[in-house]
Amino acid sequence: MNLWRLYDRHRYTVLAAAAGTLALIGIVWIALDTLIDWQVQEAIKRNAQERAQHWSQNFLETTPSAVTLIQTGEGDMEDINRLEDSFALVNIIRFQLFDQNGKQTFLSNGSLERSYSAEGKPNKNALLAFNTGQPVIEVHHDDNDEQPDSARTVPETYIEAYVPAITASGEKVGTIELYVDATAFEEALEETFQEVSLYLVLGTVLIVLFPVAAFVRRTQQLMHNDKRMLELTRYDQLTGVLNRNSVTQHLKALFIDPDRADGTGVLFVDVDYFKQVNDQYGHACGDVLLKHIASVLKSCIRLKDDVVGRYGGDEFVILCRNITQDEFRLLYDRVMESAKTPCTHEGNTYTPSLSVGAYLSQRGDTEKTALHRADLAVYAAKRGGRNRVVEYSSDLEGTFKEDSAKQSA
C-alpha cells in the first residue's frame with residue numbers, strides 16, 4: 001500500500017513537473033510571440049520609412065514641378081504619370097501632397113478608399129511631420145480573410161508614411177504622404193518566424209533565446225538585403241560612388257531653378273591613358289585604378305555639400321553646391337595633388353594622371369549647360385597635353401567647333 005502511495009506521489013511529482021515545464025514553455029512562448037510580433041511591426045515600419053524617404057527624395061530631385069505640385073496641387077501631368085508608373089518598383093500604392101499648413105493639395109490615383117483631408121481640414125499627421133521634420137509612420141491591417149486577393153482594393157498590410165518634403169537646399173515645402181504595400185515583406189518575416197518556431201518545439205527553456213537570436217538576425221538580413229536592392233539603383237558597384245543616373249538626378253536638383261543656379265561647381269574628371277593601363281596591365285588593374293581614383297576624389301571633397309559620381313568608363317564627375325571661386329580652385333588643386341598617389345596592383349606600380357574640366361555655374365544655367373561647359377573644359381585639358389585642369393571660358397566653344405570642322409574635313 002505504501003509502495004502504491006509512493007508510486008502515486010512520484011507520478012504526481014512527474015506530472016506536476018511536466019505541467020510546470022509546459023506552463024513555463026507556454027509563458028515563454030507567449031512572451032516570445034509578443035516580442036517577435038513587435039519586432040515584425042518595427043521592421044515593417046523601418047522598411048516602409050526607408051522606401052518612403054527614398055521615393056520622396058527621388059520625387060523632389062527629379063520632378064521639376066515638385067515644389068509647385070506640393071504647394072498648389074498644380075503640376076505637369078507628364079511628371080505625375082511618370083511618378084505613378086514608378087509605384088510598382090517600390091510597392092507604393094498612391095501618394096498625397098500637403099502644403100505647409102497640412103492641407104491636402106494633391107491626391108494621386110490609387111486603390112485605397114481612405115482620405116484624411118475631407119472638407120479641407122488640416123491633416124494632423126502631415127502637420128506633425130512638417131513641424132518636426134521627422135516621418136510619421138502608421139501600420140494598417142485588413143484582416144478580412146473571406147475576401148479573395150483578386151477582389152481586394154486594400155492590401156492586407158499597408159503603411160501610411162508622412163515624410164517632410166525637404167528640397168536640396170534644405171527648405172521644407174510641405175509633406176508627402178505615401179501608402180506603401182507591406183504585405184509581401186510581412187509575409188517574408190512571418191515565414192521566417194515559422195522556421196524559427198520549429199526550434200521552439202524541439203528545444204527547451206534553456207535554448208529559447210537561440211531561436212530569438214536567429215529570428216532577429218534573419219530580420220536584419222532581410223532588411224539589409226532590401227536596403228541593398230535600393231542602393232543598387234543609386235551607386236556604381238565597382239567604385240562605390242554614385243552611378244550616372246544618380247549624378248544626373250542630383251545635377252537636375254541643383255539646377256531646378258535656373259535663377260538660383262549660380263555657385264554650383266562641376267568638375268569633369270577623365271583618367272589619362274586608361275586604355276593603355278588596361279592593355280599593358282590587364283582589366284583587373286584597370287578596375288583597381290578606377291577604385292583608387294574614386295577614393296582619391298572622395299577624400300578631396302567637402303563632405304556635406306559635394307558628391308562624387310562615375311559618369312562613364314573612366315570618367316568621374318564632382319558636383320559642388322554653394323561653392324566660391326577660391327574654394328572651387330582649392331578643391332581641384334587637392335584633387336590634382338592627391339592623384340599623384342601611386343596605385344599598386346600585383347607588384348605593378350602606376351602613378352595616374354587626370355585631365356579635369358572645371359566650370360562654376362552662373363545664374364540662368366541649366367544642368368545641360370553646366371555639364372556641357374565642364375565637358376568642353378576637360379576636352380581642352382586633354383588637347384593641351386593632359387594631366388592638368390582647365391577652367392571653362394567662352395573661347396573654348398570656338399575651339400571645339402574648329403576641331404570638329406577639321407575632323408569632318
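Key figures for this structure:
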read-out	value
Sole residue being modelled with pLDDT of 80 or more and not polar (S, T, N, Q), chosen from D262, D226	D262
Test: residue in segment 98-108 that is modelled with pLDDT under 75 and under 29 Å from the mean Cα position of the chain (by Cα)	no
Given (1) modelled with pLDDT of 95 or more; (2) of a type outside the set (S, T, Y); (3) out of contact with any Gly (no Cβ under 7 Å at 6 or more places or on another chain), number of the condition L360 does not satisfy	(3)
Entirely in segment 1-91, the helices (runs of 4 or more DSSP H) that have 3 or more residues that are in contact with a Leu (Cβ under 9 Å, 6 or more places away or on another chain) and modelled with pLDDT under 80	2-62
Test for P122: is it modelled with pLDDT of 80 or more, over 17 Å from the mean Cα position of the chain (by Cα) and not assigned by TED's automatic domain parsing to the domain that holds T366	yes
Segment 314-341 residues that are over 16 Å from T264 (Cβ atoms), paired with ones that are of a type in the set (G, A, S) and in a helix (DSSP H, G or I) (beta carbon under 8 Å, 6 or more apart)	F316/A294; S338/S299
Filter pass, D257 being more than 25 Å from P342 (Cβ to Cβ) and without any contact (Cβ under 8 Å) to a residue 24 or more places away in the chain	yes
All helices (runs of 4 or more DSSP H) inside segment 269-382 with 2 or more residues being buried (at least 20 other Cβ atoms within 10 Å of the Cβ)	283-300, 325-338
Inter-residue pairs, beta-carbon under 7 Å, first touching a residue at least 60 places away in the same chain (Cβ under 8 Å) and closer than 12 Å to V241 by Cα and in segment 290-302, second part of a helix (DSSP H, G or I) and among the polar types (S, T, N, Q), 6+ apart	none
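To keep it simple, each residue is scored yes or no on (1) closer than 18 Å to N322 by Cβ; (2) touching a helix residue (DSSP H, G or I) at 6+ places or on another chain (Cβ under 6 Å); (3) assigned by TED's automatic domain parsing to the domain that holds L319.
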site	(1), (2), (3)
G357	no, yes, yes
Q362	yes, no, yes
T369	no, no, yes
A377	no, no, yes
G385	no, no, yes
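The values are calculated or read from the model by the stated rules, or taken from the named source; none is laboratory data. A quick note: this is a predicted structure, and the numbers were derived from the prediction, not measured. Cβ: placed from backbone, ideal geometry, glycine included. Neighbour counts: every protein chain shown.
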